[in-house]
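Written below as structure tokens is the structure these notes are about.
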Amino acid sequence: MKIGLFIPCFMNELYPDICMATLKILKDQGLDVDYPMSQTCCGQPMANSGCSKDVETLAKQFVENFKDYDYIVAPSGSCVSMVKEHYAPFFENNSDYDKVKTSIYEICEFLHDIIKIEKFDVSFPHKVGIHNSCHGHRMLKLGSASELNIPYQSKLKNLLSLVKDIEIVSLKRDDECCGFGGTFCVTEEDISVSMGKDRIKDHLDSHAQVITGADMSCLMHMDGIINRDNENIKVMHIVEILAGVKYE
């Protein structure tokens, strides 16, 4: 099984430690992991801004870079959703894209559904709240959306439950948007910040020490608000907890 590791561009630049934690988790499972050096942005910021020609260029480059791997794994639900849900207009009856579309996974769904991991040999003795980012939660089905009124399930919670000593806290609104929304946080700053503050307050009210999730973009948005408001809570990407990174 050959794995192509897809690292979102902003994470490569701003959060290299999380990228390495992703690699560590995959390597710890004995997987053959490769990082194609010619990879770049998936095109999501351009799509959000209406720059379709730029998206097409990046989409074709992405497929060319990753078409030969058995699986493509990334630590970002929104970027995976971009590839799966928004590349189709640029690929008509294209077998390479069809293969990429069905073989790309956000790392939590890969560990949960493909590897079917049963334990993590790490301890995290802290109270953790789970932020369910919209793309991963609703488009990739990492969890059950509350508005559907269907039985509760959460792949993130199932994975975190395999970590020793962790305490997962209950939230009042556990799948509400944080307000990031890519370029939305720039064009609608006030609304975005207000939504982010609501999500942080829900975690604080639940006495969480850490907010975790599968999308660093959402966590980055909330982390900025936390730092500005000097709130006593920390954000950590879920791969950091699963890889055994210590809370500081």
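The values are calculated or read from the model by the stated rules, or taken from the named source; none is laboratory data. This is a predicted model, so every value here is computed, not measured. Neighbour counts are summed over all protein chains in view; Cβ atoms, including those assigned to glycine, are modelled from backbone coordinates with ideal geometry. We work out accessible area using only protein heavy atoms, side chains counted, and drop any ligands, DNA or RNA first. Shrake-Rupley method; radii C 1.70, N 1.55, O 1.52, S 1.80 Å.
Summary table below
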item	result
Positions within segment 43-61 being assigned to a helix (DSSP H, G or I) and under 17 Å from Phe91 (Cα atoms), in sequence order	Gln44, Ala47, Ser52, Lys53, Asp54, Val55, Glu56, Thr57, Leu58, Ala59, Lys60, Gln61
Qualifying residue in segment 101-115 (condition: within 27 Å of Ile211 (Cβ to Cβ), assigned to a loop (DSSP other than H, G, I, E, B), open to solvent by less than 10 Å² (accessible area, probe 1.4 Å) and not small (Gly, Ala, Ser))	no
Test: residue in segment 65-79 that is touching a Leu at 6+ places or on another chain (Cβ under 9 Å), assigned to a helix (DSSP H, G or I) and buried (at least 16 other Cβ atoms within 10 Å of the Cβ)	yes
Breaking point among (1) over 18 Å from the mean Cα position of the chain (by Cα); (2) open to solvent by less than 70 Å² (accessible area, probe 1.4 Å); (3) at positive phi; (4) of a type outside the set (D, E, K, R), for Gly182	(1)
Check on Gly4, modelled with pLDDT under 95, open to solvent by less than 10 Å² (accessible area, probe 1.4 Å), closer than 28 Å to Gly143 by Cα and touching a helix residue (DSSP H, G or I) at 6+ places or on another chain (Cβ under 8 Å)	no
Hits in segment 203-222 (condition: aliphatic (A, V, I, L, M), surrounded by fewer than 24 Cβ atoms within 10 Å (Cβ to Cβ) and at pLDDT 95 or above)	Leu204, Val210
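Table: residues versus (1) farther than 21 Å from Ala243 by Cβ; (2) within 13 Å of the chain's Cα centre (by Cα).
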| site | (1), (2) |
| --- | --- |
| Asp113 | no, no |
| Lys119 | no, no |
| Phe124 | no, no |
| Ile130 | no, yes |
| His137 | yes, yes |
| Leu148 | yes, no |
| Pro151 | yes, no |
| Ser154 | no, no |
| Asp165 | no, no |
